[in-house]
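Structure first, commentary second.
Just so it is clear, none of the values below were taken in a lab; they were calculated from the coordinates. Predicted model only: the values in this text are computed from it and were never measured. Cβ placement follows ideal geometry from the backbone for every residue including glycine, while neighbour counts extend to all protein chains displayed.
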Amino acid sequence: MMSRLPHTPPHTPCARFVAAAALALALPLSADEPLTLRGAIDLALTRNERVLAAEARSEASASRVSRARAFFFPELEVSGTYLQRGYESTRQIGDDTVTLQARDAQNTLSTLSWTLFDARAFPLYRQAKLLREASRLDALQQRRLLAYEASGAYLATLGFEAVLHAAESRQAFARESLDDARARFEAGLVSSNDVTRAELELANAELATSRATADAATSRLNLADLLVSDTPPALVAPMEILDMAAQPVAAGETEVDDTRARRYDLLWLESTTAAQREFAKEPMLRLIPSLELTGLYRTTSDEGLTGRDHDSSASLVLTWTLFDGGEAFAERAERIAQARAAEYELGLASRAVSTDVRIARARLVSEQASIRQAASAVAAARKNSTESSALYREGLATALERSDAAVQLFEAEVAEVRAKFSLAIAWLDLRDALGLDPLPESAPAQESVEGTNE
């Protein structure tokens, strides 16, 4: 499941903290070739080396199955020899001259080897097939994990830019407040302390903007590295995630009956555990005799006294290892222990599935309640900021009260971002626990950033 981050103050936002800002704030980004969340996931899945490496390992595992299968088929080897001697050896037999050793001689040997029976081949072949399936499941798991990581990085980039937008708004308001305070001071309506307070607030706002700018730039670089591509100038806010996350969680959505069949990590453990069991069977099968057929066919230009230029033979070889010093028993004990450890890990992972789903569902329900509270806090902080500004202009409020109201509004906006981000992550966590992809195939069309501004 996706990792959690501790609470972070608004002036030091981190990726997990601000990523859902795309779901809360509209950003003035260019619409030139925008990148959607689904597009980002597709880029990561087609370009990132982690997926490509997992797929390559899956191909290598399939090749090992072919190698294990080759044990059941015969081997044919042909070798040829050319020999040049310093002399030719002949004998006179009756009226015929027989060449015993020609000066130039050619020999060809064809060897057919076929293991007719070896009990060890069967568990090793089954192990290879199980490991091939495990490798395939691992590749699918890596794709799903990378899809979630790409989703988080995409949202993080939008979130950092949203916080930057909020910080720039705060800075613009602080600069406007400073100009207003200076004008009122020159008119003799306020003391110099109001100007000093406004200058302090502007300095804090500029510091927050600088930090947000660096965070946004760093997040874009991280996203580009993950996608193995340059990020476009415009990203699309995936508002459908927040819409789906806000829906009530029905009990049927969190049933774990079919979850184990979708969890690639659990299926991978099942395949590797079964492969360990098959591997543990091999040592004791060494004590069963093996039978091999060997066939030879030889041609030569050195016919000699036999007058035959070819020869053939066939043999059956029975091999029976009666005692190997105890090596088979030791390896069997080791592999059985390894298989037992794998079974324990499988049981632990299988038992954790139900717990993961229940925890994710409880967190989603909790975040759905928190988002309403955060929205109420933003509305109250915005109203307080507006009223404090109006009272300050009428001389009924101090510069300190006006500055505090602006800071409270900024903190409430960022807190709402955090709440919406937590809601989106809780929804993704539930889908992750259920073994689903980050985005449903039938997800609604994504809303563009420009559309959210209207």
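Observations
- Ranked GLU33, GLU387, criterion: other C-beta atoms within 10 Å, fewest first: GLU33, GLU387
- Protection proxy ranking of 283-290, 431-438 - average other beta-carbon atoms within 10 Å, highest first: 431-438, 283-290
- Cβ charges +1 (Lys, Arg) and -1 (Asp, Glu), total dipole of the stretch 329-407, debye: 240 debye
- Proximal lysines relative to LYS383, as straight alpha-carbon distance under 22 Å, when same-chain residues fewer than 8 apart are discounted: LYS420
- All other residues whose Cβ lies under 12 angstrom from that of ASN48 are scored, Lys and Arg at +1 and Asp and Glu at -1, for a net of -2.
- Rough spin-label spacing in nm, given labels placed 7 Å along Cα→Cβ, for GLU77 and LEU436: 5.8 nm
- Among SER403, SER389, SER229, SER79, a tally of other beta-carbon atoms within 10 Å of each Cβ gives an order, fewest to most, of SER79, SER229, SER389, SER403.
- Neighbour-count ranking [beta-carbon atoms within 10 angstrom, fewest first] of TRP268, TRP114: TRP114, TRP268
- Set of lysines near LYS129 by C-alpha distance (under 24 Å), chain-local residues within fewer than 8 positions excluded: LYS281
- Label reach from THR294 (point 7 Å along Cα→C-beta): in the stretch 104-143, amide nitrogens under 14 Å belong to 110-116.
- Taking each residue as 0.36 nm, the span from GLU206 to GLU303 lengthens on full extension beyond its C-alpha to C-alpha distance by 24.9 nm.
- If you plug the beta carbon distance of ALA375 and GLU33 into 1/(1 + (r/R0)^6) with R0 = 45 Å, you get a FRET efficiency near 0.85.
- Ordering of 134-144, 120-130 by packing [mean C-beta count within 10 Å, highest first]: 134-144, 120-130
- Residue list for the stretch 130-160, given a label point 7 angstrom along the Cα-to-Cβ vector of ASP265 and an amide N cut-off under 19 Å: 134-153
- The separation of the stretch 151-173 from the stretch 276-349, counted between C-alpha centres, amounts to 66 Å.
- Among the chymotrypsin sites (Phe, Trp or Tyr not before Pro) within the stretch 274-378, those in coil by DSSP and having at most 12 neighbouring Cβ atoms inside 10 Å are TRP320, PHE323.
- Note on SER350/GLU88: beta-carbon distance plugged into 1/(1 + (r/R0)^6) with R0 of 56 Å gives a FRET efficiency of 0.10.
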